[in-house]
Amino acid sequence: MRTVPFFAPDIDENEMDAVTEVLRSGWLTTGPVADRFEREFREYTHARHALAVSSGTAALHLALKALEVGPGDEVITTPMTFCSTVHAILQVGATPVLADIGPDLNVDSDAVAAAITPRTRAVLAVHMAGLPCEMDRLRALGLPVIADAAHAFGAAYKGVPIGGDEADATAFSFYANKTITTAEGGMLTTSSEQLARRGRLLRLHGIERRGSSWRYEVVSDGYKYNLPDVLAAIGVAQLAKAERMRCRRAEIAAAYTEAFRGTEQIDTAPERADTRHAWHLYVLRLNCAISRDEFINELERQGIGCSVHFRPIHMHRWFANKVRMPLGCESAEREFARILSLPLHPLMTDEDVDSVIQAVRCSVERLCCSAASTFS
Ligand SMILES: *Cc1c(COP(=O)(O)O)cnc(C)c1O
């Protein structure tokens, strides 16, 4: 049986050579290669400032800290995200407020508007699966907007790459399975000189350099969030092939959408005309009275790796009494029951893509078509 893993990283000789070069150079931690990674990242995203950090979670935390969000503040975010989005809000002492999602699985701007109180300090929007949020609508609410772009490197909103002026600050992740990787790593981008300056201080112990390396002064609180050159080297090599990887992901997603468009038992992944999707994930949605878990089991029996993004935040017991949810999150709960993520990575061959399509079709036939009824 042909098996297709849910994910495999696209690492070749270039990454290996780049890492070896750093290891031989005698300088392992943050230095010239991290600088170069930041510079080339700015060129790709058109960001004014880019701060390389040790993870996407660190970038989110720095963004909130740099905006001086803290105890007593509320931050409105989505229930349909990875736990780290909400951990970061709790980490600065603020209260996460969940606003429900829209049909594109992104936070719904009307739900955000309805959740605003006098304590609301910021909106933390997630570009779910790599599909940019309706940033103009979120910006129109008049609050600072932080974007969790962990899925969205390579995406564009109204013709402009994500990471620019569409948000006050944008946090990227280079975790092993994201659209580009450094194994672990992240980037904070912003157009604000002030946020960038605060972010740089907080990134490394609150230290301000005064000329030579031993001459420094601690001028604020701070963290240990720098990205070492060993990892930045992987990022530089990934950036060099980012366009090729992005195009391959888009090709695979288009093949899925084309193949499943006419099948009423499943809904294809959401897209929008004014945006370029990064296609970190392809989220298929079942439209028939069969359990998503059974559907995944059936795909896995056929050798296809699947996952679910995400179980809504408030359905994790840890968060239940830590988040506010003034208007409920029914759409997120309803979508959670019917979503699954298909394999989507640049090393997939056309045969892999066909295997996934055939397995989905076969599972629909076996499970959905024998189910008594479809729900609408
Ligand atoms: C991966 C991810 C993060 C965290 O990124 P790390 O680099 O693993 O810290 C944050 N938000 C979302 C939506 C993610 O998928």
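The values are calculated or read from the model by the stated rules, or taken from the named source; none is laboratory data. The shown structure was predicted, so the numbers you read here are calculated from the model rather than taken from an experiment. Methodologically, a virtual Cβ is constructed for each residue, glycine included, from the backbone with ideal geometry; neighbour enumeration extends over all protein chains shown. All accessible areas refer to the heavy atoms of the entire protein, side chains included, with ligands and DNA or RNA removed. Shrake-Rupley method; radii C 1.70, N 1.55, O 1.52, S 1.80 Å.
Okay, here's what the table says:
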quantity: Cα gyration tensor shape of the chain, rounded if a/c is under 1.5, else prolate or oblate by comparing a/b with b/c; calculated: oblate
quantity: Among beta bridges that DSSP assigns inside the chain, antiparallel share in %, nearest 5; calculated: 60
quantity: Any cysteine of the chain lacking a neighbouring Cys Cβ under 4.7 Å - listed by number; calculated: Cys83, Cys133, Cys247, Cys306, Cys329, Cys362, Cys369
quantity: Ratio Rg/Rh, restricted to region 255-376 and using Cα atoms, in which Rh is the Kirkwood radius; calculated: 0.99
quantity: Inter-centroid distance (Cα atoms) of region 1-36 relative to region 313-351, Å; calculated: 30
quantity: Angle between the chain longest axis and helix 193-203 axis [Cα atoms, degrees, rounded to 10]; calculated: 90
quantity: Cut-off under 5 Å, modelled amide H: who pairs with Tyr157 long-range; calculated: Ile162, Arg276
quantity: Accessible surface, per residue, of region 29-130 when the full set of protein chains is kept, probe 1.4 Å, Å²; calculated: 32
quantity: Folded to 0 to 90 degrees: helix 32-45 orientation relative to the chain principal axis, Cα; calculated: 50
quantity: The chain: angle of helix 13-25 to the longest principal axis, Cα-based, in degrees nearest 10; calculated: 20
quantity: Stokes-Einstein translational diffusion, region 160-241 - Kirkwood Rh over all Cα pairs, 1.306 mPa s, 10 °C, in µm²/s; calculated: 111
quantity: Sequence-distant residues sharing a close amide H with Ala150 (under 5 Å, placed H); calculated: His127, Ser173
quantity: Unit charges on C-beta of K, R, D, E only; dipole of the chain, Debye; calculated: 960
quantity: Sorted peptide list for 35-42, 311-318, 209-216, criterion being average Cβ within 10 angstrom, highest first; calculated: 35-42, 311-318, 209-216
quantity: Backbone HN-Hα couplings from phi across region 93-110 [Karplus 6.51/-1.76/1.60, Hz, Gly and Pro as x]; calculated: x, 8, 9, x, 10, 8, 10, 5, 8, x, x, 8, 6, 8, 4, 8, 5, 5
quantity: Accessible area (Å², 1.4 Å probe, nearest 10) - Thr30; calculated: 50
quantity: Separation of alpha-carbon centers, region 211-238 and region 43-100, rounded to whole Å; calculated: 20
